[in-house]
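The values are calculated or read from the model by the stated rules, or taken from the named source; none is laboratory data. Owing to the predicted nature of the structure, the values given are computational and were not obtained by experimental measurement. Every residue, glycine among them, receives a Cβ derived from its backbone with ideal geometry; neighbour counts consider all protein chains shown.
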Amino acid sequence: MGAAAVGGGLLGGGVSAFASEEASGSLTKGDAAVLRFLEAAEIIESDLWVQYNELGGIQDKEEPDGTGNPFYRDALTILDGDMAQYIHDNTDDEISHWKFLDSYLASKGADTTDLERFRTLPGSKAEGASGKGRLTNLMQLSVDTSFWTQYRSSQNNPDLDPAFKFGQAVKGLNVGQHSAIPRTDADTAGSSIGNPTDHLKAIAFTAGFHFAFIESGGTSLYPSLAQRVTSPHVLRILLSIGPTETMHFQTWQDKAGNATPLTDVDPITKASVTFVDLTKNQPESLQANLIMPEPCPFLSRKFPPCSIIRPTETKGAAMATLKAFIDDGLFIGQSKEFFEYLRDLAEDADEARRETDRD
């Protein structure tokens, strides 16, 4: 059974194997649950960003894994000449978020999130990869690029219009399975520095849009869950980390818009994707340089439009994030136990309620 099917079944309900009470220490039960789910999200993000950095970023004392893949890194420079540095810094940021949340929870006597036993997925076998076990799968992605039109819409807000279907920026990328990293050296074959094949370009461009997809999720998740916490300290944590996710999102959205036109059919999965030139002759819903959020309806249409992060509806926010990860294909190959553990964390976070403020 595929991971999406497994995950979908688990999201539908049932009794989790991890439903026992977890220690909250001096935190409220809800605050601890929110922080544990956010730690899980940051561990997952760290895992995928480490894979991107091993092949396309900068390997140094901060991010020592891997040795880099020169052809993949070169293809990424089509999006921006500084991509390697940006990938490195995004990786460093997510690891810092994970480590901080873990340390803060422990300092309060609360249980932390531990996903280490699930690092069992195989990663890339291309030149530059470390060969370590992974939590996430970057080689069978279905990337939802509707974040692109969602932020350019002046008429619709997913919080007010949950049934509205925002258009995709990239045709076919949300259908089938696409790799965002070279799987083996076969994916870089025929490329030379300064002259990547269309297939390798498609892999690099898939990564570019996937970067933005991942960070758009964090951009919404933190303000959504901030509405459920009690402690001013915990609120400060969420309001301080969340905006860095937004900074990442806007950076990657800007870079993804530099993808050049091409159509590629993956030789392994047979999935087809078409990238168009988003910098020229596009409607506002697709125009590459419109990276500032368009003012849109907020809270109620009786108020004037407002430029905002979207969505920020708090009901079911954690479970929606988990579903987005599953639909993305990030967890293809993971165990039933893994999905049960994450579902339990998401349910606990979504059940959190603000209590009387305390120090």
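Conditions tested, residue by residue: (1) modelled with pLDDT of 95 or more; (2) more than 28 Å from Phe166 (Cβ to Cβ); (3) assigned to a loop (DSSP other than H, G, I, E, B).
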{"position": "Pro304", "(1), (2), (3)": "yes, no, yes"}
{"position": "Glu313", "(1), (2), (3)": "yes, no, yes"}
{"position": "Met319", "(1), (2), (3)": "yes, no, no"}
{"position": "Asp327", "(1), (2), (3)": "yes, no, no"}
{"position": "Phe338", "(1), (2), (3)": "yes, yes, no"}
{"position": "Glu347", "(1), (2), (3)": "yes, no, no"}
{"position": "Asp350", "(1), (2), (3)": "yes, no, no"}
{"position": "Glu355", "(1), (2), (3)": "no, yes, yes"}
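Residues in segment 75-110 that are touching a helix residue (DSSP H, G or I) at 6+ places or on another chain (Cβ under 8 Å) and among the acidic types (Asp, Glu): Asp80, Asp93, Glu94, Asp102.
The residue pairs whose first member lies in segment 319-332 and is within 13 Å of Leu221 (Cα to Cα), whose second member is among the aromatic types (Phe, Trp, Tyr), and whose beta carbons are closer than 8 Å, counting only pairs six or more residues apart or on different chains, are Phe325/Phe331. Residue check: Asn137 meets all listed conditions (1) in a loop (DSSP other than H, G, I, E, B); (2) over 22 Å from Tyr72 (Cα atoms) but one, namely (2). All of Asp327, Asp277 fail the test of being of a type outside the set (Lys, Arg) and under 18 Å from Gln253 (Cα atoms), apart from Asp277. Scanning segment 259-302 for residues that are buried (at least 17 other Cβ atoms within 10 Å of the Cβ) and part of a strand (DSSP E or B) yields Asp264, Val273, Phe275, Cys296, Phe298. In the condition set (1) among the small types (Gly, Ala, Ser); (2) surrounded by fewer than 19 Cβ atoms within 10 Å (Cβ to Cβ); (3) in contact (Cβ under 8 Å) with a residue 60 or more places away in the chain, Ser107 is compliant with all but (3). Can you name every residue in segment 333-354 that is in contact with a strand residue (DSSP E or B) (Cβ under 9 Å, 6 or more places away or on another chain) and under 15 Å from Ile43 (Cβ atoms)? Hit for segment 333-354 is Gln334, nothing else. Just to be sure before I move on: is Thr188 out of contact with any Asp or Glu (no Cβ under 7 Å at 6 or more places or on another chain), among the hydroxyl-bearing types (Ser, Thr, Tyr) and closer than 23 Å to Pro122 by Cα in the structure I sent? Taking the combined requirement at face value, the residue satisfies it.
Scan segment 190-204 and report the pairs whose first residue is at positive phi and whose second residue is in a helix (DSSP H, G or I), with Cβ atoms within less than 6 Å and a gap of 6+ or a chain change. If the second residue must be in a helix (DSSP H, G or I), no pairs are left. Screening Ser20 against (1) farther than 26 Å from Gln253 by Cα; (2) surrounded by fewer than 18 Cβ atoms within 10 Å (Cβ to Cβ); (3) of a type in the set (Ser, Thr, Tyr); (4) at pLDDT 95 or above leaves a single unmet condition, (4). The residue list Asn174, Asn137, Asn157 contains one member that is crowded, with 18+ Cβ neighbours inside 10 Å and either modelled with pLDDT under 95 or farther than 25 Å from Val50 by Cβ (or both), which is Asn157.
So is Ala169 farther than 19 Å from Leu79 by Cα, touching a residue at least 60 places away in the same chain (Cβ under 8 Å) and touching a helix residue (DSSP H, G or I) at 6+ places or on another chain (Cβ under 9 Å) or not? No; evaluated as a whole, the condition is false for this residue.
All of Gly217, Gly242, Gly208 fail the test of being among the small types (Gly, Ala, Ser), at pLDDT 95 or above and touching a Ser or Thr at 6+ places or on another chain (Cβ under 6 Å), apart from Gly217. Comparison of Gly2, Gly12 shows that the only residue that is at pLDDT below 95, more than 17 Å from Asn137 (Cβ to Cβ), loosely packed, with under 15 Cβ neighbours inside 10 Å and within 24 Å of the chain's Cα centre (by Cα) is Gly12.
One residue alone among Asp80, Asp74 is more than 19 Å from the chain's Cα centre (by Cα), touching a residue at least 24 places away in the same chain (Cβ under 8 Å) and outside any helix (DSSP H, G or I), and that residue is Asp80. Being of a type in the set (A, V, I, L, M) and within 21 Å of the chain's Cα centre (by Cα) is the requirement here; does Leu138 meet it? So Leu138 fits the description; yes.
Summed over segment 201-248, residues that are of a type in the set (Ser, Thr, Tyr), out of contact with any strand residue (DSSP E or B) (no Cβ under 8 Å at 6 or more places or on another chain), in a helix (DSSP H, G or I) and crowded, with 20+ Cβ neighbours inside 10 Å total 5.
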